[in-house]
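Notes to accompany the following structure.
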Amino acid sequence: SGGGGGSSSSSGSTYVVNAAMNVQTVINSASDGDTIALAAGRYDQSFTVNKDITLVGANFGKAISADGSDTGSKVDQVSEVAFDISDAQRTGGSNETWINGTVTIASDGVTMDGFRLHSYNGPLEFSGTDIDNLVIQNSYITGFAGGNSVRYTDNDGTASTGWSINNNLIGGVAG
């Protein structure tokens, strides 16, 4: 498989990963500006994103709502969300890239698009207090115990900027 698509700003490489591979090993060998495409499947591993890279799941660019065509009605939008109680719940029945572990964001410029981050012990964490230009979109961030909720504390005196958290479902607290 090859790359294609993605950013045209640099000659970044694209790594194609499957669930049998170690994601951290691939991240370690990547460079700023690269893309890591994770195929559908369940990844029973945790990893740290410590470079300015893009990670895309099997459903990158695909909304989690059933049609997304309603305007203005939050209730309708919520009722259309395909909650991730099982795989292949999005429109079209595409299997998810399920990270059944913790993803730790530890760099500026990280993009994650099209994932199922679903882990009781906490699906998303942060390392450091000045993380800029973070994009998380088209993803489920669910299944965590209440005490393992997503939280980011920026107390170093320099505001983190450039965050874009769009078209996600964050919740579905377990236990």
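One residue stands out among those in the stretch 92-124 that are among the charged types (D, E, K, R) and modelled with pLDDT of 95 or more: the one that is nearest to VAL56 (Cα to Cα), which is ASP113. Being open to solvent by 70 Å² or more (accessible area, probe 1.4 Å) and not aliphatic (A, V, I, L, M) is a property that ASN138 lacks.
Among the residues of the stretch 101-112, are any closer than 17 Å to ILE165 by Cβ and touching a Gly at 6+ places or on another chain (Cβ under 6 Å)? No, the stretch 101-112 contains no residue that is closer than 17 Å to ILE165 by Cβ and touching a Gly at 6+ places or on another chain (Cβ under 6 Å). Close contacts from the stretch 151-173, counting a first residue that is touching a residue at least 24 places away in the same chain (Cβ under 8 Å) and more than 17 Å from GLN137 (Cβ to Cβ) and a second that is among the polar types (S, T, N, Q) and in a loop (DSSP other than H, G, I, E, B), with Cβ to Cβ under 7 Å and a gap of 6+ residues or different chains, come to THR153/THR129; ASP154/THR129; ASP154/SER160; ASN155/THR129; ASP156/THR129. The number of residues in the stretch 39-71 that are modelled with pLDDT of 60 or more and either in contact with a Leu (Cβ under 8 Å, 6 or more places away or on another chain) or in a loop (DSSP other than H, G, I, E, B) (or both) comes to 22.
The values are calculated or read from the model by the stated rules, or taken from the named source; none is laboratory data. No experiment lies behind these values; they were computed from the predicted model shown. Because the Cβ atoms are built from the backbone with ideal geometry, glycine has one as well, and the counts that use them run over all protein chains shown. To get the accessible areas, we keep the full protein, side chains included, count just its heavy atoms, and leave off ligands, DNA and RNA. Shrake-Rupley method; radii C 1.70, N 1.55, O 1.52, S 1.80 Å.
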